[in-house]
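Colleague: I'd like to ask you about the structure that follows.
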Amino acid sequence: MKIGFIGLGNMGSGMARNLIKAGYDLVVYNRTRSRAEELQRLGAKVADTTAAAASGVEALITMLADDRAVQDVIFEPGRAIESLPAGTVHISMSTISVALSRRLQKAHAEKHQHYVAAPVFGRPDAAAAAKLFIVAAGPTQQIEKYRSLFDTMGQKLFMVNEDAPAANLIKLSGNFLITTVIESLAEACALMRKSDVDPQKFLEVMTESLFAAPVYRTYGAMIAADKFEPVGFKMPLGFKDNRLVLAAAEEVAVPMPMASVVHDRFVAAMAQGLENADWSAIAHLAYKNAGLSDGNNKH
């Protein structure tokens, strides 16, 4: 099966590698060509343009940073939507706005192409290990047809419904919940530190009793240690997702006061020079606000 794959960043490179290992005929494109050439040594073909990556394939996968990147790849003159054969599918695995997902759904239908939204939950290490959770929405027949692709990249596929933007709304809302976990853990750990209680012990109690979910363990460990490396998801991307969930909520008149609190955390963190940090570093602000200057001392 010939697959086009556009977007070989921290997430996409691991996903593409797993498809190559599984024997798929991959044509890859990345704006920074060297990332594509790394996969060429594994057997992928490198396309010079996004149009070439979409030409003659049975499915096109995009894994890009934001709405602008997806729009440039798909809609700009001479881009992928013009080359993707009729009857084939664009599987968008990027975290994008509900509005753009609607536009993609309509545009592909007009070209007699199929569109499936399939954003993922998981950090780069999960992408490399094929342990992503994939949330798919769109034509059921198309999702089933390409289930083997999803099984190669992830550990579980969730099928939502036939309206593709529903998957994007779930993804954005899931990321919103992650940020509220980060913020609440940060506030609680700041209280522990300032009260001379070991935050690691607090985390042990919480994750082995009430909150055993991976998100509490992964981000809790980072927050308790006040160390936010390696960077798996940069601060501006988290900020972008926060803005997108607020936009989706505003469109249907749903107040999300916690999302607004997190929005201000992102703004403050980037204003204080944390724009290249992991998005979980918004938690460092809770320590700073509590007078814990380096996260390790009380003063």
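Derivation of every value follows stated rules applied to the coordinates shown; laboratory data play no part. The model shown is predicted, which means the values in this text are computed figures rather than measured ones. Neighbour counts are summed over all protein chains in view; Cβ atoms, including those assigned to glycine, are modelled from backbone coordinates with ideal geometry.
Colleague: For region 28-46 and region 208-268, what is the separation of their Cα centres, given in Å?
Modeller: 32 Å
Colleague: Across all directions of projection, what mean area in square nanometres is found for the Cα convex hull of region 2-162? Please list the in-between numbers first.
Modeller: Values: hull surface 31.7 nm².
The directionally averaged projection comes out at 7.9 nm².
Colleague: I've got another one for you. Taking every Cα atom in region 51-127, find the radius of gyration and the maximum pairwise distance Dmax, and write them in Å.
Modeller: Every Cα atom of region 51-127 included, Rg and Dmax give 12.0, 37 Å.
Colleague: Something else about it: Show me the ranking of peptides 56-69, 255-268 by mean Cβ neighbours inside 10 Å, starting with the highest.
Modeller: Working: 56-69: 20.9, 255-268: 15.7.
Per-residue mean Cβ counts within 10 Å order the peptides as 56-69, 255-268.
Colleague: Estimate the FRET efficiency between Lys145 and Leu42 by the formula 1/(1 + (r/R0)^6), using the beta-carbon distance for r and 25 Å for R0, to the nearest 0.05.
Modeller: Numbers: r = 25 Å, r/R0 = 1.01.
That gives a FRET efficiency of 0.50.
Colleague: Report Rg(Cα)/(2.2 N^0.38 Å) for region 170-299, keeping two decimals. Show your work: numbers first, answer last.
Modeller: On the way: Rg = 14.5 Å, N = 130, 2.2 N^0.38 = 14.0 Å.
Ratio of Rg to 2.2 N^0.38 Å for region 170-299: 1.04.
Colleague: Per residue and in Å³, how big is the convex hull formed by the alpha-carbon atoms of the chain?
Modeller: Enclosed volume per residue, from the Cα hull, is 134 Å³.
Colleague: Taking the simple approach of a point 7 Å from Cα along Cα-to-Cβ for both Arg68 and Leu191, what is their distance in nm?
Modeller: Calculated label separation equals 4.0 nm.
Colleague: So how do 136-144, 93-101 stack up, highest first, on mean other-Cβ count within 10 Å? Walk me through the numbers before you get to the answer.
Modeller: Details: 136-144: 19.4, 93-101: 24.2.
Taking the mean over residues of other Cβ atoms within 10 Å, the ranking is 93-101, 136-144.
Colleague: When you count, for each residue, the other Cβ atoms within 10 Å and take the mean per peptide, how do 164-173, 241-250 rank with the highest first? Walk me through the intermediate numbers first.
Modeller: Values: 164-173: 22.8, 241-250: 19.5.
The peptides rank, most packed first, as 164-173, 241-250.
Colleague: Okay, moving on. Considering only the chain, what is the antiparallel percent among its DSSP beta bridges, to the nearest 5? Each step should come with its number before you reach the end.
Modeller: Numbers: 4 of 28 bridges.
Taking every DSSP beta bridge within the chain, about 15 percent pair in antiparallel fashion.
Colleague: Tell me what the chain gives for mean residue ellipticity at 222 nm when only DSSP H runs of n ≥ 4 count, each as -39,500 (n - 2.57), the sum divided by the residue total, rounded to 500 deg cm²/dmol.
Modeller: Numbers: 15 runs with 156 residues, N = 299.
The helix-only estimate for the chain comes to -15500 deg cm²/dmol at 222 nm.
Colleague: Normalised by the empirical 2.2 N^0.38 Å for globular proteins, what value does the Cα Rg of region 29-87 take?
Modeller: On the way: Rg = 11.5 Å, N = 59, 2.2 N^0.38 = 10.4 Å.
Computed over Cα atoms of region 29-87, the ratio equals 1.11.
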